1. Restricted to the range 94-112, and to residues that are among the β-branched types (V, I, T) and more than 13 Å from the ligand (Cβ to nearest atom), which residue is most open to solvent (accessible area, probe 1.4 Å)?
2. Of everything in the range 6-26, what is more than 16 Å from the ligand (Cβ to nearest atom), assigned to a helix (DSSP H, G or I) and either crowded, with 19+ Cβ neighbours inside 10 Å or within 15 Å of the chain's Cα centre (by Cα) (or both)? Give them in sequence order.
3. Return the residues of the range 43-59 that are over 17 Å from the mean Cα position of the chain (by Cα) and within 21 Å of N200 (Cα to Cα); say none if nothing qualifies.
4. Give the range 62-79 a look and list any residue that's small (G, A, S) and either farther than 15 Å from L90 by Cβ or within 16 Å of the ligand (Cβ to nearest atom) (or both), or say none.
5. Out of the range 27-61, which residues are more than 13 Å from V12 (Cβ to Cβ), within 13 Å of the ligand (Cβ to nearest atom) and either at pLDDT below 95 or not acidic (D, E) (or both)?
6. Count, please, the residues in the range 127-164 that happen to be more than 15 Å from the ligand (Cβ to nearest atom), part of a loop (DSSP other than H, G, I, E, B) and on the phi < 0 side of the Ramachandran plot.
7. For G115, indicate whether it is surrounded by fewer than 23 Cβ atoms within 10 Å (Cβ to Cβ), on the phi > 0 side of the Ramachandran plot, within 16 Å of the ligand (Cβ to nearest atom) and in a loop (DSSP other than H, G, I, E, B).
8. For a quick check of your reading of the model, give me the residue pairs whose first member lies in the range 74-93 and is within 14 Å of I10 (Cα to Cα) and β-branched (V, I, T), whose second is assigned to a helix (DSSP H, G or I) and within 14 Å of the ligand (Cβ to nearest atom), with beta-carbon atoms closer than 9 Å and at least 6 apart or on different chains.
Amino acid sequence: MVIVGAKMNIGVLALQGAFIEHLNIIKKLNHNAVEVRLPQQLNEISGLIIPGGESTTIGKLALMYNFIEPLKNFALHKPIWGTCAGMIFLAKKIDFDNQPLLGVMDIEVHRNAFGRQVDSFQTDLQIPAIKNGLTEPFPGIFIRAPVVKNINGKAKALSYLKDGSIIAVQENLMIATSFHPELTDDFRFHQYFLEIIENNFYGGVSERIGRSGRSGRSGQSGRSGQSGQSGRSGRSGRSGQSGQSGQSGRSGQSGQSGQSGQSGLKR
Ligand code: GLN
């Protein structure tokens, strides 16, 4: 019998950056939060978050601790979510700098896209994939954030800024966000990621479109779908849905208040 909603082990890469905030939210959402500091811990978890911080540092430490190949393998069959620096680290291509990248997501990312004047700001986002994402704006906190310059292959945009910049993407089991949901009290993005993990864990998300259709689970048992399963097609057909309308146009505001000191983010 499949017990949907059972506790899962969710990892957060704890080499550098804002990993504590993610761990705390995972605990609040009733899952086991695993601080991942060694590659072998990847075997114990069903999904991984790569936090924000400084992507050059995360890349160098990942290289130093022999994480690169194990993480690439992990990405082949288990969900990964990169926030901010995590997004950069997941990307196949970035616009400048020579730094270690996982290169598993078919996206091209522009680092520090907002320049110095407004390098941190908060704005409301419309994210159709999350619960009530069309009607209830999600608080997007951007800290020296990247944007996605190009999406290729199977990668799809999940959300845009008002000016059209792509700031959230999904490619099968991988997601990446320019912003920091872990610095808010809104857990909908974490819940969305947990759903992806849960679907993968219980065996397949292949034709699931929209939140209500939890198809593809029945008859599948337990952990069998966890490794090497091919149902990676994820949420098809979402791109283009998210549009840019309906955002409340606060981008450009520099609402840094309340953010500083909250996290291990190096700015
Ligand atoms: N600017 C950082 C980088 O390039 C990312 C900032 C963040 O993760 N908040 O890695």
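1. Among those residues, the one meeting the criterion is V104.
2. Selection gives L23, I25, I26.
3. Listed by number, the residues that qualify are N43, E44.
4. Once the filter is applied, which keeps residues that are small (G, A, S) and either farther than 15 Å from L90 by Cβ or within 16 Å of the ligand (Cβ to nearest atom) (or both), the range 62-79 yields only A62.
5. Scanning the range 27-61 gives S55, T56, T57, G59, K60, L61.
6. The number of residues fulfilling the criteria is 16.
7. Here the answer is yes, as G115 does meet what is asked.
8. Note: pairs meeting the criteria are I80/G86; I80/L90.
The values are calculated or read from the model by the stated rules, or taken from the named source; none is laboratory data. Everything quoted here is computed from the prediction, not taken from an experiment. Counting neighbours? That spans all protein chains shown, and the Cβs are built from the backbone with ideal geometry, glycine included. In case anyone asks, the SASA skips ligands and DNA or RNA and just uses the protein heavy atoms, side chains included. Shrake-Rupley method; radii C 1.70, N 1.55, O 1.52, S 1.80 Å.
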